[in-house]
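Visitor: Could you have a look at this structure, given as C-alpha cells, before my questions?
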Amino acid sequence: MKFYLTTPIYYVNAAPHLGHTYTTIAADTIKRLKTMQGYGAVLTTGTDEHGQKIERAAAAAGKSPREFTDIIAEEFRSQWETLGLSVDHFQRTTSPNHVKAVQDLFLRCKRNGYIYKGSYTGEYCVSCELYVNDAKPGDPCPDCGRPTETVTEENYYFKLSAFQDRLLDLYLKQPDFVQPETRRNEVLAFVRQGLQDLSISRTTIKWGIPVPEDEKHVFYVWFDALTTYMSAVEGGNLWPADLHLIGKEILRFHAIYWPAFLWAAGLEIPKKIFAHGWLLIEDEKMSKSRGNMIRATPIQKALGADTLRYFLLREVVFGQDGSFSYDALVGRYNADLANGLGNLASRTLSMIHQYRSGEIPNAKDLGDDQIAHTARGVAEMALQCYDRLEFSKALEAIWSLIGAVDKYIVAQAPWNLAKTPEGAGALDMTLYTAAEALRIVTALLYPVIPAAAGRIWRQLGCSLPIEQVRTADLHWGHLPAGQKLNAVEAVFPRADLKASVASMREYEAGELARQQALLGKQAPPATAPAAKDGSPQITIDDFVKVDLRVGQVKSAAAVKGANKLLHLQVDIGEPQPRSIVAGIAEAYQPDALVGRKVVIVANLAPRKLRGLESQGMIVAASLDNGSPVLASFLEEVPVGARLK
Ligand code: MSP
C-alpha cells in the first residue's frame, strides 16, 4: 500500500527558515509514521522557482534568475539533508520534466475546453502572486497587506467558474478533503460566494514556463507550482497524492484551484489537504518579509535536530498558530527530554546493567499488569492521535506513560529490592516492566525523534533497526528476556538555559552571515548576536546610518482611490518640503495634521506610491490592530533637528 505525501514547493526568494522547516519536519514525521504502519510512504518537497517575485529577488542580489535559484534551491535541499529528513523527491520547478508536465497539463485542460484567451486589467500582488478581485489601484493585498500593482494583460484563462458546484459537492461528500474543520469551512464559504475564471498566463514576466505554441506567455506560478506534486513522481504509480501538507495561507490554491485544474485535465485529485497554522515570533508570522526569521541549523547545532522536532510538534497544536522562542525550546528540552525521557532511559538501563549484568530479566507474567495496561492504552491513544495529525496530544499521552513508569520505579524502589535475595523476583519484575515500557515509548516516539529513539533502541539491545519497527511490534511483552543491553550513554544531557540560548544566537548570526555571503551580500559582523529572537543586534555605526529628523506637516491630502494613504508635504528644514506618502489615513484626518511636528526617516530611498513620489517615511508606533500612532515630542523642538 502506498502513501504519497507532499510539502509545499517553497519559494526560492529566500533561504529556508523555521517556518519551512516546520512543515517539512511534520511531513517527515508523517512519512515515518506511515512506514511504521506498513505503507510504502513517499515524500516530495521542492522549490518554486519561477515568477516575478523570484525575478526581482535575483535582480536585487545582482544575479541572473538561474544563478540565484541554483544557490537557494541548494540551500533548501541541503537543509533537509542536514536535518536528516527523509525526502524521496526534491523537485525544482525549473527541471525539464516539470516544464513538460506543466505544458501537458495545460494542453489537456485546453483540449477539454477549459481554457480561453481574454484580457484583464486589475490589481496584482507581486509578493503573493495573486490577482486581487474588486481591489482599487494600490489597495493593500488582503493576504500580505502590501500595495497591489495595476496590470493589464492578455491572458489565457482557466474556467474555474465551471467547477463551483463540483467543488462544493466534493467538500460536502468528502468532509475530510480539507482539514482541519475550520479550514474546510473557510473554503466552503469562499466557494459559495462564487468563483471567477482564473488567469493562468502572464506576458509581463519572462522568468516562467512558456505556454505551448504561444511563447510570449508564461504560466502563472501557481499553475506551474501545483503541478510539481505530479511531475516529481511521474511514472511512479503514486498519483493521486494521499496528503498535501501546507500552511494555512495557501489553502485556497490547493483546495480550490488544484482540484479544478486536475478535473479539467481529466486527472484524479488528491485525497486530503491539511493546512497547519503559523509559527509566530512574538505574535508575528515568521517570514522573510518581516525579517524575523530563525533558522534550524543553529538549533540543531546546539540541541540536536530531534529537540527541534519535538518542540515544534509538542508545543504547537498542529493546525493552529503557535509561538517559537529559544527560551521555551530549552525549557521543554530540559523538562521533557532531559528529565523525562532521558532520565527514564538512563535509570532503567543503568539499573539493568548494575543489577542484572546488562540482561533483560525474566519477569513473571511479563511485568506489572497495571503498567502493561497503561502502556496498551497509551499506545492506542498515541497512534489514533498521530493518525489525526494531533501530534501534541499523542506526545502528551506518551509522556503520561513516562510519568507512570517513573512513579512505578520509585514505588518499587529497586535499589532496596536489590539488597536482599528475597527481593529478586520483584526486582526482575520491576526492571522488565520499566524496560518494556521504555521500548514501547521509544518506538512510539520514533516518528517524532528518530535519531534519539534509534540511540535508546540500540542501548536496549533491540536487533531490529528501529526504522523497521511496525505498529504490531508495539504489543506489551514483545521484549525478550535475556536480551543483552548495549552500553548506556546519555541521549539528552541537561542544558544550561543561558549558555544554550547564547550559543544558538551566535550560530544564528554565523548562519545569516554565511547565507548572505552566498548571495554576494556583505555579511554583518559575525559577533553580532540577536538582541532578542529574530531581531539582529546592531551597532551604533548601524544606527547612525538612519537619518531621523523632526519635521512639520505643511499640508496633507487624501490619495485618490487609496483608503489608507495620505499625501503630506513635510518641512524638515530643507529649501523644499518633502513629499511623503504615508499609510495613516485611517487614523488621522488630513486637516488635523497640518502644523503638527512629526519624525521623519530622511534618508530612505525615494519610491513611488500611486504615482506620487515618497521622499522619506513618517515614524509611528503600530498598535496590535495595525493602527498607527505618530511619534511626537512633549517639549518644543525645532524643525530639522536630528534624532540621535
Ligand atoms: N511556493 C508557494 C507554495 C507552492 S506549493 C505548490 C509558497 N512558498 S513559501 O516559500 O512561501 O512557503 C510557504 C509554506 O512554508 C507555508 O505554506 C508553510 O508550509 C511554510 N511556512 C512558511 N512560513 C511559515 C511560518 N511562519 N509558519 C508555519 N509555516 C510556514 O507559498
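Visitor: Just add up the charged neighbours of Arg376: K/R +1, D/E -1, any other residue whose Cβ is under 12 Å from the Cβ of Arg376. Please report the intermediate quantities before stating the final value.
Guide: Values: positive: none; negative: Asp369, Glu380, Glu436.
Spelling it out: positives minus negatives among the neighbours equals -3.
Visitor: Which FRET efficiency value, to the nearest 0.05, is calculated for Glu422 and Gln370 with the Förster distance at 22 angstrom and r the Cβ-Cβ distance? Could you put the intermediate results ahead of the total?
Guide: Details: r = 22 Å, r/R0 = 1.00.
That pair, Glu422 with Gln370, gives E of 0.50.
Visitor: Here's a follow-up. What GluC sites (Glu not before Pro) does region 161-258 have in DSSP loop regions with at most 10 other beta carbons within 10 Å? Please list the in-between numbers first.
Guide: Values: sites: Glu181, Glu186, Glu213, Glu215, Glu234, Glu249; in loops: Glu213, Glu234.
Loop-located and lightly packed - Glu213.
Visitor: Under 5 Å between amide hydrogens, which residues at least 5 positions from Leu548 or on another chain qualify, with H placed 1.01 Å from N in the peptide plane?
Guide: Under 5 Å from the amide H of Leu548 lie the amide H atoms of Ala602, Leu643, each far enough along the sequence or on another chain.
Visitor: Right, another one. Between Ala587 and Glu249, what length in nm is gained on full extension when 0.36 nm per residue of separation is reduced by their alpha carbon distance?
Guide: On the way: separation 338, 0.36 × 338 = 121.68 nm, distance 2.77 nm.
Working it through step by step, the gained length comes to 118.9 nm.
Visitor: Count the DSSP beta bridges whose two residues both fall in the chain, then state the antiparallel fraction as a percent rounded to the nearest 5.
Guide: Values: 52 of 74 bridges.
Antiparallel: roughly 70 percent of the beta bridges in the chain.
Visitor: Could you tally up the Lys pairs in region 1-159 with alpha carbons closer than 26 Å? Skip any pair fewer than 8 positions apart unless they're on separate chains.
Guide: The number of close lysine pairs in region 1-159 is 16.
Visitor: Still on this model: So what is the relative contact order of region 1-142, in percent, for Cα pairs below 8 Å that sit 6 or more residues apart?
Guide: Once divided by the residue count of region 1-142, the mean separation gives 24 percent.
Visitor: Local charge sum around Tyr446 (other residues, Cβ-Cβ under 13 Å, Lys/Arg +1, Asp/Glu -1)? Mind dumping the intermediate values first?
Guide: On the way: positive: Lys31, Arg32, Lys34, Arg309, Arg439, Arg455, Arg458, Arg470; negative: Asp28, Asp306, Glu467, Asp473.
Every neighbour counted, the sum reads +4.
Visitor: Right, something else. Over region 383-447, what number does the Rg to Rh ratio reach, with both radii from the alpha-carbon atoms and Rh per Kirkwood? Please list the in-between numbers first.
Guide: Values: Rg = 15.0 Å, Rh = 13.1 Å.
Looking at region 383-447, the ratio lands at 1.14.
Visitor: Right, something else. In which sequence would His478, His50, His244, His89 go, from the one with the fewest C-beta neighbours within 10 Å to the one with the most? List each step's numbers first, then the result.
Guide: Values: His478 15, His50 28, His244 24, His89 19.
Final ranking by Cβ density, sparse to dense: His478, His89, His244, His50.
Visitor: Please compute the Kirkwood hydrodynamic radius over region 227-312, one decimal place, Å, based on all pairs of different Cα atoms. Could the numbers behind the result be given before it?
Guide: Details: mean 1/r = 0.0640 Å⁻¹.
Roughly 15.6 Å, rounded to one decimal.
Visitor: Okay, next question. Please give the calculated 222 nm ellipticity per residue for the chain, where each DSSP H segment of at least 4 residues contributes -39500 (n - 2.57) and the sum is spread over every residue; nearest 500 deg cm²/dmol? If you can, show how the numbers build up before the last one.
Guide: On the way: 21 runs with 248 residues, N = 644.
Taken over the chain, the calculation gives -12000 deg cm²/dmol.
Visitor: Of Ser500, Ala424, Met286, which is farthest along the charge dipole of the chain in the positive direction, counting Lys and Arg as +1 and Asp and Glu as -1 at C-beta?
Guide: About the Cα centre, the residue reaching furthest to the positive side is Met286.
Visitor: Around Ile250, under 12 Å between beta carbons, what's the net of Lys plus Arg minus Asp minus Glu among the other residues?
Guide: Numbers: positive: Arg183, Lys248, Arg252; negative: Asp48, Glu129, Asp143, Glu249.
Counting the neighbours of Ile250, the net charge comes to -1.
Visitor: While we're here: What are the ³J(HN,Hα) values, in whole Hz, obtained from phi via the Karplus relation 6.51 cos²θ - 1.76 cosθ + 1.60 with θ = phi - 60°, for each residue of region 49-61 in sequence order, with x given for Gly and Pro?
Guide: 10, 9, x, 5, 4, 6, 3, 5, 5, 5, 4, 5, 8
Visitor: Please give the contour-minus-distance gain from Ser632 to Lys554: 0.36 nm per residue of separation, less the Cα-Cα distance, rounded to one decimal in nm. Can you show the working numbers first?
Guide: Numbers: separation 78, 0.36 × 78 = 28.08 nm, distance 1.58 nm.
Stretched out fully, the Ser632 to Lys554 stretch lengthens by 26.5 nm.
Visitor: So, one more: Of the trypsin sites (Lys or Arg not before Pro) in region 344-446, which ones lie in a loop per DSSP and count no more than 13 other C-beta atoms within 10 Å? Before the final figure, lay out each step's value.
Guide: On the way: sites: Arg347, Arg356, Lys364, Arg376, Arg388, Lys393, Lys407, Lys419, Arg439; in loops: Arg388, Lys419.
For trypsin sites (Lys or Arg not before Pro) across region 344-446 that sit outside H, G, I, E and B with at most 13 neighbouring Cβ atoms in 10 Å, the list reads Lys419.
Visitor: Expressed as a whole number of Å, what is the distance separating the alpha-carbon centroids of region 1-74 and region 121-157?
Guide: 25
Visitor: What is the Cα coordinate range of region 327-399 on the first, second and third principal axes, sorted by size from largest, in whole angstrom?
Guide: 38, 30, 16
Visitor: Using a Förster radius of 25 Å, what is the FRET efficiency between Gln516 and Gln320 based on their Cβ-Cβ separation? Nearest 0.05, please. Present the calculation step by step, with values, prior to reporting the outcome.
Guide: Values: r = 33 Å, r/R0 = 1.32.
Taking R0 as 25 Å, the efficiency between Gln516 and Gln320 is 0.15.
Visitor: Could you state the per residue volume, in Å³, of the convex hull enclosing the Cα atoms of region 73-225?
Guide: Each residue corresponds to 165 Å³ of Cα convex hull volume.
Visitor: In nanometres, what is the gap between the two model label sites at Thr204 and Ala60, each 7 Å from Cα along Cα-to-Cβ?
Guide: With each label point 7 Å from Cα toward Cβ, the separation is 1.8 nm.
Visitor: Equivalent-ellipsoid semi-axes (√(5λ), Cα gyration tensor) for the chain, whole Å, largest first? Intermediate values should be presented prior to the final figure.
Guide: Details: eigenvalues 531, 225, 85 Å².
Largest first, the chain gives 52, 34, 21 Å.
Visitor: If you don't mind, another one. Skipping prolines and chain starts, which residues have an amide H placed within reach, meaning under 5 Å, of the one on Ser555, given they are 5 or more residues away or on another chain?
Guide: Here Gln569 satisfy the definition.
Visitor: Identify, among Ser579, Gly322, Thr23, the residue whose Cα sits farthest towards the positive end of the charge dipole of the chain, taking +1 on the Cβ of Lys and Arg and -1 on the Cβ of Asp and Glu, with the dipole about the Cα centre.
Guide: It is Ser579, whose Cα lies furthest towards the positive end.
Visitor: Still on this structure, I have one more. By how many degrees, 0 to 90 and rounded to 10, does the Cα axis of helix 181-192 deviate from the longest principal axis of the chain?
Guide: So the inclination is approximately 30 degrees.
Visitor: Placing +1 at every Lys and Arg Cβ and -1 at every Asp and Glu Cβ, with all other atoms neutral, what dipole size does the chain have around its Cα centre, in debye to the nearest 20? Intermediate results must be reported in sequence, preceding the final value.
Guide: Working: 70 positive and 72 negative charges, 111 e Å.
Here the size comes out at about 540 debye.
Visitor: How far is helix 424-445 tilted off the main Cα axis of the chain, in degrees rounded to 10, range 0 to 90?
Guide: 20
Visitor: Taking a ≥ b ≥ c as the square roots of the Cα gyration tensor eigenvalues, with a/c under 1.5 meaning rounded and otherwise prolate when a/b beats b/c, else oblate, which class fits region 578-640? Present the calculation step by step, with values, prior to reporting the outcome.
Guide: Values: a/c = 1.58, a/b = 1.14, b/c = 1.38.
The shape class here is oblate.
Visitor: To continue, here is another question. What percentages, rounded to whole numbers, describe P(r) for region 22-121 computed over all alpha carbon pairs with 5 Å bin width beginning at zero?
Guide: Whole-percent P(r) values from 0 Å outward: 2, 11, 15, 14, 15, 16, 13, 9, 4, 1, 0.
Visitor: Just to be sure I understand the curve: with the Debye formula and one point per C-alpha of region 229-274, what is log10 I(q)/I(0) at q = 0.23, 0.28 Å⁻¹?
Guide: Values, matching the q order: -0.85, -1.14.
Visitor: At R0 = 25 Å, how high is the FRET efficiency between Leu604 and Thr150 if r is their beta carbon distance? Nearest 0.05 is fine.
Guide: FRET efficiency, Leu604 to Thr150: 0.60.
Values quoted throughout were computed directly from the atomic coordinates according to the rules given, and no laboratory measurement underlies them. A quick note: this is a predicted structure, and the numbers were derived from the prediction, not measured. Glycine gets a Cβ as well: all are built from the backbone with ideal geometry, and neighbour counts include every protein chain shown.
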